[in-house]
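A.B. asks: This is the structure I have questions about; it appears just below.
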Amino acid sequence: MAIVTKKTFELPSEGLHLAQITRVDDVGQVETSFGVKEKIRIIFTMLDEKGKDGTALDAMISANKVLGEKSTLGKLLAELKIPAGDTFDTDELIGVKTQIIISHKEGKDRNYANVTIVPTRAKTAVAEV
């Protein structure tokens, strides 16, 4: 008989981080409160922080496969200054470096790291200081 243990992921610390998009996963169809949606998961790897065991720490954004200006993916592309027309290959995100803000959110069964992209204007202001 197999014994399954619950895996606990170490979260990046709260605050400003330099991160790189290292993976984009196609999650497929997911049942949401708004019906079934096609989703992707965008993985950010921290470049300025390692876990207790020395491995890279990750955080993620989940997004619908929609390019509208109000959609999560559309807002992300706009903040990263990546143009998208009617279609977009999400593999183009891999390797992109950006500043993100991590905030922790308590869930029912574990804590989560929420990701916010630092707006380009704020990046410029930080660089000038």
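Here is a yes/no grid of residues against (1) at pLDDT 95 or above; (2) of a type in the set (D, E, K, R); (3) closer than 24 Å to GLU106 by Cα; (4) surrounded by fewer than 13 Cβ atoms within 10 Å (Cβ to Cβ):
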{"site": "THR8", "(1), (2), (3), (4)": "no, no, yes, yes"}
{"site": "GLY35", "(1), (2), (3), (4)": "no, no, no, yes"}
{"site": "LYS52", "(1), (2), (3), (4)": "no, yes, yes, yes"}
{"site": "LEU77", "(1), (2), (3), (4)": "no, no, no, no"}
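A.B. asks: Now, a different point. Select, from GLY68, GLY107, GLY35, the only residue that is on the phi > 0 side of the Ramachandran plot and not β-branched (Val, Ile, Thr).
C.D. replies: Result of the check over GLY68, GLY107, GLY35: GLY35.
A.B. asks: Output the number of residues of the range 31-66 satisfying the condition of being closer than 12 Å to ALA19 by Cα and among the hydroxyl-bearing types (Ser, Thr, Tyr).
C.D. replies: Result for the range 31-66: 1.
A.B. asks: Let me ask something else about it. Of all residues in the range 81-96, which are of a type outside the set (Val, Ile, Thr), surrounded by 13 or more Cβ atoms within 10 Å (Cβ to Cβ) and either touching a residue at least 40 places away in the same chain (Cβ under 8 Å) or touching a helix residue (DSSP H, G or I) at 6+ places or on another chain (Cβ under 8 Å) (or both)?
C.D. replies: Selection gives ALA84, PHE88, LEU93.
A.B. asks: Moving on. Within the range 23-57, can you find the residues that are over 12 Å from GLU10 (Cα atoms), free of Cβ contacts under 8 Å to residues at least 12 places away in the same chain and part of a strand (DSSP E or B)?
C.D. replies: GLY28, GLN29, VAL30, GLU31, THR32, GLY35, VAL36
A.B. asks: Going through the range 37-62 one residue at a time, which ones are under 8 Å from the mean Cα position of the chain (by Cα) and among the basic types (Lys, Arg)?
C.D. replies: Result: ARG41, single match.
A.B. asks: Within the range 66-101, count every residue that is closer than 19 Å to ASN114 by Cα and in a loop (DSSP other than H, G, I, E, B).
C.D. replies: The total comes to 4.
A.B. asks: Tell me which residues, restricted to the range 37-50, are of a type outside the set (Ser, Thr, Tyr) and at pLDDT 90 or above.
C.D. replies: Just the residues of the range 37-50 that are of a type outside the set (Ser, Thr, Tyr), to begin with: 37-44, 46-50.
Across the range 37-50, the qualifying residues are GLU38, LYS39, ILE40, ARG41, ILE42, ILE43, PHE44, MET46, LEU47, ASP48, GLU49, LYS50.
The values are calculated or read from the model by the stated rules, or taken from the named source; none is laboratory data. Quick caveat, the model's predicted, so the values are computed rather than measured. Ideal geometry is used to build each Cβ from the backbone, glycine not excepted, and the neighbour counts take in all protein chains shown.
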